[in-house]
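The structure appears right after this line, and notes come after that.
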Amino acid sequence: MITTDYLVIGSGIAGLTFSVKIAEKFPERKIVVVTKANEDESNTKYAQGGVAVVLDKVQDSFKKHIKDTLIAGDGLCKEDVVKLVVKEGPERLEELLLWGANFDVNSSGEFDLGKEGGHSEYRVVHHKDITGYEIERALLKRVHQLPNITILAHHFAIDLVTNHHIKDHESENLTCFGAYVFNQKTGDIFTIKANSTLLASGGIGCVYGHTTNPVIATGDGIAMAYRAKARIKDMEFVQFHPTALYEEKGESSFLISEAVRGFGAYLRNKKGYRFMPDYDKRAELASRDIVSQSIDSELKKSGEPHVYLDCTHLDIDAFKDHFPNIYKKCLEHHINIETDWIPVIPASHYLCGGIKVSKKGKTTIDNLFACGECTRTGLHGANRLASNSLLEALVYAHNIFKHHSKKEYKSTDLIIPDWNDEGTTIPEEHILIQHNLKQLQALMRNYVGIVRSNKRLKRAIKHLDLIYNEVEDLYKESKITTSLCELRNMVNVSHLIIRQSLDRKENKGGYYNVDNVKNNEGV
Ligand code: FAD
Ligand code: SIN
């Protein structure tokens, strides 16, 4: 067993920002970060567009960013949270700069601000088209300078430890005491006992198979919190990014940043028709729920597998300078953006809901905090405004840090039982895990996608129950493996998405159910 003051699960922007802040302020306190892959592997690393921050006080204002966020969230954002996050942006960005992150500047030495869907002004601070990579690099560099932070890479958090695990303490206030962790290299499972635990475990994209997210995005933190009985909210609001690169075979999709549309690219159907002005007066720069739903509608009308993003009319040298990675990736796919249109398709990208947290990042379980994409803060409502996610993680990591600066969490004397895997055996049926995973992803894609219906959702629940039973049986009889735990977590997350979708009776933002159309008309 390891004991620590703080256990942080996840090494993306949320987990690392909190760790750095606590470690700098309290050099005597110990922080253990567990992360299930290489230390930099995260959704953060792949962020392209940038961080939305109001820096231009002439054209832009907090008021405009707040308004854009509220419009994108379609009436379901918590306004006080939106104001808090937007107004803190400049200070949090300043800290990132102090930690060594670099962002592009223009010829006058000012930040080169980009624009994305739903933004009325240029306000997206970026590092070329690899902003997340740069942020992750700078944060990890700072972490390595701080001796009171230990990063345990290739360590998978299996479950939170709560009163339920401790004899005679089931009836006490629901409290978290750390987590059971699986060392993926040795196969050992041990307890990390912590005074305070932070879930910073990121998103769920892989539940859909076709996603912009890397393979780590399997919703582990949300599933762990759900099993520990924390409140989970707004799971129906899965955000589909409109423009993932279409690949005939592969599942995982490279993102063509929304900033490319901010740069002037057009969406066209196969006939070459620029269709977005028919759907929204902001055309390609409507918020991404609208653009994704419009593409979905075009594809259903035409039967084509994808639409196109046309950059051929743009200043190609400027494009190459701003989006070198996208340019290179397209060339690797034999697409020369100077002459060719890029085939694109919506793909699951971001979860607006998650573990319900207060402004201090508190979950509904004592001593358990959550930050970043695994949370539901109320900032995004029914649809996240582009580039507000990195910002949210920075602001909430700071809030959680502030709370811990005022309140010190004490260690418990309770005896935490070791992980018990008596009677389990090494799973021989790896094929079963793969098979169930494929089935799960297909059912989420086909029945719980951009456009839903009650019939499809109910069918999804029925199919999911079969997968659930098979996976639970496998889990009970098998020794832990990462792929089995991830599958189990994805089943839990899918259940939450489907159930909460069925509970939503009105279409909002990224949630569209054909059976709700008449309910919306009545509003
Ligand atoms: P992550 O960065 O995903 O980190 C989660 C961490 O938890 C990882 O280290 C992971 O390995 C670890 N983990 C997960 N489960 C476990 C477990 N069981 N045990 C141990 N460790 C675990 N947002 C913007 O604001 N601007 C953008 O331009 C932007 N572009 C994007 C582009 C792409 C392609 C993608 C995928 C997302 C983009 N987003 C963007 C969204 C944004 O990147 C993420 O929402 C944000 O980075 C999430 O940060 P996080 O720290 O919460 O999670
Ligand atoms: C993008 O660059 O299009 C992604 C931005 C985001 O998800 O906020």
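The values are calculated or read from the model by the stated rules, or taken from the named source; none is laboratory data. The structure presented is a predicted model; accordingly, all values stated were derived computationally and were not measured. Cβ: placed from backbone, ideal geometry, glycine included. Neighbour counts: every protein chain shown. Ligands, DNA and RNA are excluded from the accessible area calculation, which covers all protein heavy atoms including side chains. Shrake-Rupley method; radii C 1.70, N 1.55, O 1.52, S 1.80 Å.
Accessible area of the chain with a 1.4 Å probe: how many percent of it is carbon plus sulfur?
Working: 10540 of 21240 Å².
Whole-percent figure for carbon plus sulfur exposure: 50.
log₁₀ I(q)/I(0) of the chain at q = 0.06, 0.08, 0.10 Å⁻¹, via Debye over equal Cα point scatterers, no solvent, to two decimals? Relative scattering, expressed as log10 I(q)/I(0), comes to -0.27, -0.48, -0.77. Bridging of Lys25 to aspartates and glutamates at a Cα separation below 18 Å is possible for Asp5, Glu91, Glu94, Glu95, Glu408, once same-chain residues fewer than 8 apart are set aside. Ranked by the mean number of other Cβ atoms within 10 Å of their residues, highest first, the peptides 508-520, 48-60 come out as 48-60, 508-520. An ellipsoid equivalent to the stretch 388-523, defined through the eigenvalues of its Cα gyration tensor, has semi-axes of 33, 29, 13 Å when rounded to whole angstrom and sorted largest first. Which aspartates and glutamates does Lys455 reach when only Cα atoms under 18 Å apart count, and residues fewer than 8 places away in its own chain are ignored? Those aspartates and glutamates meeting the cut-off are Glu236, Asp465, Asp503, Glu506, Asp515. State which entries of Lys233/Lys271; Lys301/Lys329; Lys63/Lys270 exceed 32 angstrom in Cα-Cα distance in the structure shown. Those over the limit are Lys233/Lys271; Lys63/Lys270.
Return the FRET efficiency for the residue pair Asp168, Lys249: r is the Cβ-Cβ distance, R0 is 60 Å, and the value is rounded to the nearest 0.05.
Once rounded, the FRET efficiency stands at 0.60.
FRET efficiency for the Tyr409 to Glu338 pair, using the beta carbon distance and R₀ = 35 Å, is estimated at 0.05. Looking at the stretch 146-243, the accessible area is 30 square angstrom per residue; that uses a 1.4 Å probe and ignores ligands, DNA and RNA.
With respect to the chain, whose longest principal axis is taken over its alpha-carbon atoms, helix 131-145 is tilted by about 30°. Spin-label pair Lys25-Ser108: with each label point 7 Å from Cα along the Cα-Cβ axis, the two points sit 3.6 nm from one another. Taking a Cβ cut-off of under 10 Å around Pro242, the surrounding Lys, Arg, Asp and Glu residues balance to a net charge of -2, with basic ones at +1 and acidic ones at -1. Among 493-504, 117-128, the peptide with the highest mean count of other Cβ atoms within 10 Å heads the list, and the full ranking is 117-128, 493-504.
How big, in percent, is the set of alpha carbon pairs in the stretch 178-268 lying more than 18 Å apart? All intermediate terms of the calculation are to be shown ahead of the outcome.
Details: 2527 of 4095 pairs.
For the stretch 178-268, the share of Cα pairs beyond 18 Å comes to 62 percent.
Applying 0.36 nm per residue to the separation of Arg227 and Ala442 and subtracting their alpha-carbon distance, the gain on full extension is 75.0 nm.
Under 5 Å from the amide H of Arg452 lie the amide H atoms of Tyr512, Asn513, Val514, each residue being 5 or more positions distant or on a separate chain, with H modelled from the backbone and absent for Pro and chain starts.
Label reach from Thr482 (point 7 Å along Cα→C-beta): in the stretch 10-28, amide nitrogens under 19 Å belong to 10-13, 15-16. Accessible area per residue for the stretch 294-354, computed on protein heavy atoms with a 1.4 Å probe, is 43 Å². The per residue volume of the convex hull around the alpha-carbon atoms of the stretch 5-149 is 129 Å³.
Listed by chain and number, the lysines whose C-alpha is less than 25 Å from the C-alpha of Lys476, apart from same-chain residues fewer than 8 away, are Lys36, Lys167, Lys185, Lys193, Lys229, Lys438, Lys462.
Please report the equivalent ellipsoid semi-axes of the stretch 209-313, computed as sqrt(5 x eigenvalue) of the Cα gyration tensor, largest first, in whole Å.
30, 16, 13
Take the Cα coordinates of the stretch 1-88, assign each an equal point scatterer, and use the Debye formula without solvent to give log10 I(q)/I(0) at q = 0.18, 0.21, 0.23 Å⁻¹. The Debye formula, applied to the Cα set alone, gives -0.95, -1.02, -1.07.
Relative to its Kirkwood radius, the Cα radius of gyration of the stretch 356-420 gives an Rg/Rh of 1.09. When shorter helices are ignored and each DSSP H run of at least 4 residues is given -39500 (n - 2.57), the per-residue value for the chain at 222 nm works out to -12000 deg cm²/dmol. Using the average count of surrounding beta-carbon atoms within 10 Å as a protection proxy, the listed peptides 375-388, 477-490 rank, highest first, as 375-388, 477-490.
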